[in-house]
Every structure is written in structure tokens, then in C-alpha cells.
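Trainee: Encoded as C-alpha cells, here's the structure I'll be asking about.
The values are calculated or read from the model by the stated rules, or taken from the named source; none is laboratory data. Keep in mind that what you see is a predicted model, and the values were worked out from it rather than measured. Quick reminder, even Gly has a Cβ in these numbers, built from the backbone with ideal geometry, and neighbours come from all protein chains shown. For the accessible areas, the whole protein counts, side chains as well, though only heavy atoms, and no ligand, DNA or RNA atoms are used. Shrake-Rupley method; radii C 1.70, N 1.55, O 1.52, S 1.80 Å.
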Amino acid sequence: MWTLALLGALVVVGMLSIIMGAIMLGLPDAIRGLIHDNGEFERLVVWDLRLPRFLDAVLVGAALGVSGALLQAVTRNPLADPTILGVSAAAGLALAVGLVLFPGIDREWLAVITILGGLVGAGVLLSMAWQGAISSIRLTLAGIAISAFFGAAIVGLLASSTTFLELSLGFLAGGLYGSDWRDAQIVAPIVIPAVAIAIALTPRLNALALGDELAAGLGVLTDRTRLIALILVGALTGAAVSVAGLVSFVGLVSPHVSRSLVGEDQRYLLPTSALTGALLVATADLVARLVIRPSELPMGILTAAVGAPFLLYLVRFRR
Amino acid sequence: MDLSAQGLTLRYGQKTVIDGVSLDVPSGEFVVIVGPNAGGKSTLLRGLARVMRPAAGVVRLGGDDIATLDAREVARRLAILPQMQQFDVDLVVEELVWRGRTPHHRPFRPATQADLAAVERAIEHARIEGLRERPLRSLSGGERQRAWLALALAQEPRVLLLDEPTTFLDLRHQVEVMEVLARLNQGGLTVIAVLHDLALASRYAQRIIAIADGKIALDGAPSEVLTPDALSRVFGLDMVALSDPRTGRPLPFPA
């Protein structure tokens, strides 16, 4: 039920994303742009700019939402999120290294480097969380340390490069400015299978929620499950960062919103987190394009503007 | 289903906790494991359940070496209930019990009639019919323990291992849990439970195994094992024993 509502909301945001922007199209214009095939202006705006950008937003949001849900499940820690735990920063550092060391590098290779960075970040995390649930405080502290370390390295790298300003705004704050079909073509083959594997993993995540020993008694290979989940987190976060830079809080907020809608069962929670994440990023991107029209804000500012108060709310009012 | 171990050795890092234990539990037996803390009781259960890999030795379940069986196959034959759950899981009772079906599930496959029947039987056997919709955290200790027991029963195991299922429960709830186990045992389930309470052990066990320093110290019927001499050696404490006026079983306690 909630799934349908979220899907509906996503379709509405998708429509609005196609209609609204620096240039406002009317609904008839937008439909004409979608359907007609005669190279007119509306078609260009709809097919080459707005539709791919909306799809990129959906992919990025779903990747981050699922990353957050996976991290919260395997660490049994409601504060887990790829930004807080430094996976995003690790991917971002790899992206920055790629940009600075190999200017003019193909976007495909940049995505590969970024995903490898995400996997390294997930590997660091895995080494900390290997022995089952570690306390929220220790995990969060470790995450802050990892995140700060990689974050400093990113800023250092960008600052020492000649293209600092151009690069850093879209990248550090997170945004979808200029993202196109090619981005979707590069990350969709990563994000879609990874989300499918994550969904197949959900019964095991449900068992893991009962404690490692009980999960093992239920026939779940706990170490292997954790390993697969963190590989997925690294790949998904890396894919998202390669398209949108450092978008914060989506991975944290999406699973919590989803939990309040569908409950603790990972079989529902994880796909719902994908939808919630997609909706959050697509909405943030839409708003980012509208608030200072015809210019635009980095979308990550908006996810942070929603996410940070939500985190404060969690800290203050939940258990 | 029978469960046996030959030369089972279990280690945490360099520390040997279970040292070459061999035992043979025939199908349908009710075994209680007793012994001092840190003697290796819980570790032995983990090794028997394939939750922990042995450093040496073999565990056989229904004749098959569990190391060569798929983890899920082991979980369909044998369930283990670890010590009182410290995890504060945000579930209602029925959801918890459903998770016991995990080893029977395949990804992307909906629940079957068999799943539903197993869950219903588990709820009935654990006597938690009235608690289905209750959040776990709202339950009393005894109710919660029976909810976790129902989770294990939903696996439809033929061997059930329990680690201190009665600890932290008051007398009535202890007896309730043990009565549930006794009934299941009469239905053919092999039960192996770690208990600290020697009176409960004496009352319900067909066979008592005492584990100390990673080895089997005593093994036999309650009347053979629960003697003051034998227990004094195992627990390092002077013991005396009365006998239950109704059953004649020994009732040991510290002198």
C-alpha cells in the first residue's frame, strides 16, 4: 500500500521534473516533447536534459537508500549510513584522485575508480564491524574518524588542483548538474543488480537482526552475509558518488522513513528504502533547480537541510 | 533424531574450551548439561549446532557429518536457542516466530501452507496463542522466553538445544518452560538443555552430563550423577542430597 503511494509520488515528481526547471514547459509541451520525434526544442529539453536527470536522481537515491538500509541491518545500528560511516568519503576521495591525477579521464573509468573507493571504504568498515554488532558509539566514532580523514584528503586534493572551484561545488555538496544518459548507462548496470541482490539477502538480514548466534542457528552464514552486504554498500555508494558527488543523509533518512511506514521486516523495508531514497533525491533535485531559478543549488544542500534536522530528531526522541 | 560427537575440540583463538569430547545422544532423549561457569557448556552447544566450527572432531546429526551438510539443512533438523536474548528486537511475537522459517525459505518465494502450519504448531506448543500481536518488549520474562522458544520450534527441528532456558525466570515460569520441553520430548523431540538448577535437572532429565574444564566429568541417569561425592568434585563445593519424596529423584544442594 505504502509502496504504491511512494511509487505514485515518484511518478508525480518525475512529471514535475520534466515540466519544471530553468525553462518552464507546460504539460502539453512536455508531452509533445516526450512523444514527438522531430527534433524540436521541447524534445531536446525533455529527452536530453530532464528525463535522464530524473533517472539519474532515481538511481542515486535508490542506491543510497539501499546502502543505508543494508548498513543499518548488518551493524544493528540505527545511526549507520554511508556518509556517517565514511564510505561516501572514501568513494569521494577516489573520485577526486581520479579527477585530479587523470584530467580528461573517461567517465566510465572514473565510475570504476569511485566504486573501488567505495569498496575500500566498506572494507575498512567491515574490519571494524566484523565481530557482529559493535556498539553504536564505537561504530559512529570510527565512522566519524574515517569520514573526517577521507574528507580532509578530498579537500586537500581539490584545493591543490587548479580546477578547484569548478569541481568542488557540484562534487562536495552533491548535485546532478549536467548529468545525462551516459551517467545512467554507466551506473544502472551496477545499481539495478546490486539492489536485486540486496533484496534477495533480506531474509538473512531478518535473521541477523535476532543476533549472530541465533542467525547462525537458523542456517544463515553470518560472516558471509555481512561480507556480501558490505560489498553491495561499497558498490552502490560508489556508483551514487560517481554520478552525484557527496549527497549526505539520504542513506540515513530513507530507511527510517521506510521503517515508520512498513515496519522492521527487511523484505519490505529494503525495497521501500530504495523508493524513499529515490523520491527524496528526485524531489531535492527538483527543488534545487527551482529555488534560485534560472540558476540552481547543489542538490546535496537540500538533502542535508532535510536530513540534519531529522538526525537531530532521532537523537533526541528515539530510545 | 540422534546427535553424536567424536573427539570434538572447540577453541577460541588459542584457548581450548572443549577438549576432545565424545558423546552420543540417541533420538528422543532428554539430556541436561550441568557444570560450573566457564566450563564449556555453551561452547559445546555451539559446536553441536554447527554455529561454531570445531578445531578437531566430528559431529553427526542423523548419521551425517554436520560439517559437510549445508547450514540450512542443519537448521531444518536442529534448532538452538542461545542464552536469554539481550537484543531488543522491535517485533511482535508472531513476526518473531515466522523468522524461525528462515531455513525453509528460498529467496523471492512466498510463504507456503507448510510454513503457516509450522508457525501455528509452534505457537500452540509454546503456549503463546494469546500473545501473537504483542510487541516482544512488552512481554514478561517467561512470556518472552516462550516466544523465543516458539521461534526455534517453527524451524520444525528434530533436535532442540537450549542454553539456560530458565535463567532469570521465577519458579512458576521455570516449570512452565520445562513442561513445554517435556511435552515436546514426549512427542519425539530430542532435547539437550544447559541448566544451572540441579533440582530442575533432576526432575526433567533422563540423562545428565556434567561438563567441567572442557571435558565430560559425569554422564548418567540423575540418580547416578547427582550424588554429593560426584557433584563436590565437579563444582568444588561440599554438597549434600535429599531425595524427592514423590519421585525418589535426588535433590542436591550445597552443604
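Trainee: Can you give the FRET efficiency to the nearest 0.05 for residue A:2 and residue B:168, using r as the Cβ-Cβ distance and R₀ = 35 Å?
Mentor: For residue A:2 and residue B:168, the calculated efficiency is 0.40.
Trainee: Hey, if you put +1 on the Cβ of every Lys and Arg and -1 on every Asp and Glu Cβ in the range A:52-317, which of A:156, A:281, A:171 ends up farthest toward the positive end of that dipole?
Mentor: A:281
Trainee: OK, next. Using only the alpha-carbon atoms, how far is helix A:2-19 inclined from the longest principal axis of chain A? Give it as 0 to 90 degrees, nearest 10.
Mentor: 30 degrees
Trainee: In the protein assembly as shown, with Lys and Arg counted as +1 and Asp and Glu as -1 at Cβ, which of these residues, A:140, B:69, B:149, has the Cα nearest the positive end of the dipole, that is, farthest along it?
Mentor: Sorting the options by dipole projection puts first B:149.
Trainee: Which residues of the range B:69-118 show a drop of at least 50 Å² in accessible area when all protein chains are present, compared with their chain alone (probe radius 1.4 Å, heavy atoms only, ligands and nucleic acids excluded)?
Mentor: B:82, B:87, B:90, B:99, B:102, B:108
Trainee: So, with a 1.4 angstrom probe, what is the percent of accessible area on the protein assembly as shown that is carbon and sulfur?
Mentor: Carbon and sulfur atoms account for 62 percent of the accessible area of the protein assembly as shown.
Trainee: Roughly how many nanometres apart are two label points built 7 Å out from the Cα toward the Cβ at residue B:232 and residue A:312?
Mentor: For the pair residue B:232/residue A:312, the computed spacing is 7.0 nm.
Trainee: Report, by chain and number, residues whose modeled amide H sits under 5 Å from the one on residue B:251, excluding near sequence neighbours (fewer than 5 apart, same chain).
Mentor: Long-range HN contacts for residue B:251: B:242, B:243, B:244.
Trainee: With θ taken as phi - 60° and the coefficients 6.51, -1.76 and 1.60, list the Karplus ³J(HN,Hα) couplings across the range B:233-239 in order, rounded to whole Hz; mark glycine and proline as x.
Mentor: 5, 5, 9, x, 8, 5, 10
Trainee: Further question on the same structure: Ignoring ligands, DNA and RNA, what accessible area per residue does the range A:169-319 give at 1.4 Å, in Å²?
Mentor: That works out to 37 Å² per residue.
Trainee: Please state the charge dipole magnitude for the range A:52-317, taken about the Cα centre, from unit charges on C-beta atoms (+1 on K and R, -1 on D and E), reported in debye and rounded to the nearest 20.
Mentor: 320 debye
Trainee: For residue A:137 paired with residue A:47, estimate the spin-label separation in nm (one decimal), with each label point 7 Å from Cα along the Cα-to-Cβ line.
Mentor: 6.0 nm
Trainee: With each label point set 7 Å from Cα along the Cα-Cβ vector, what nm distance links residue B:120 and residue A:144?
Mentor: About 5.3 nm, to one decimal.
Trainee: Can you quote the Å³ per residue value for the convex hull of the Cα atoms in chain B, rounded to an integer?
Mentor: 134 Å³
Trainee: Moving on to the next point. In degrees between 0 and 90, to the nearest 10, how far off the longest principal axis of chain A does helix A:222-244 point, with axes built from Cα atoms?
Mentor: Its long axis makes an angle of about 20 degrees.
Trainee: If you don't mind, there's one more thing I want to ask. At 222 nm, what helix-only mean residue ellipticity would chain A give, in deg cm²/dmol to the nearest 500, using -39500 (n - 2.57) for each DSSP H run of four or more?
Mentor: -25000 deg cm²/dmol
Trainee: Using the beta-carbon distance between residue B:253 and residue A:224 and R0 = 41 Å, what value does 1/(1 + (r/R0)^6) give for FRET efficiency, to the nearest 0.05?
Mentor: 0.30
Trainee: Still on this structure, I have one more. With N residues in chain A, what two-decimal value do you get for its Cα radius of gyration over 2.2 N^0.38 Å?
Mentor: That ratio works out to 0.98.
Trainee: For the range A:256-319, just the Cα atoms, rotate onto the principal axes and tell me the three extents in Å, largest first.
Mentor: 43, 27, 13 Å, listed from the longest principal axis down.
Trainee: Return the value, in Å² to the nearest 100, of accessible area buried between chains A and B (probe 1.4 Å, both sides summed).
Mentor: Accessible area lost upon association: around 1900 Å².
Trainee: Using +1 on the beta carbon of Lys and Arg, -1 on that of Asp and Glu, and nothing else charged, what's the dipole of the protein assembly as shown about the Cα centre, debye to 20?
Mentor: It works out to roughly 360 debye.
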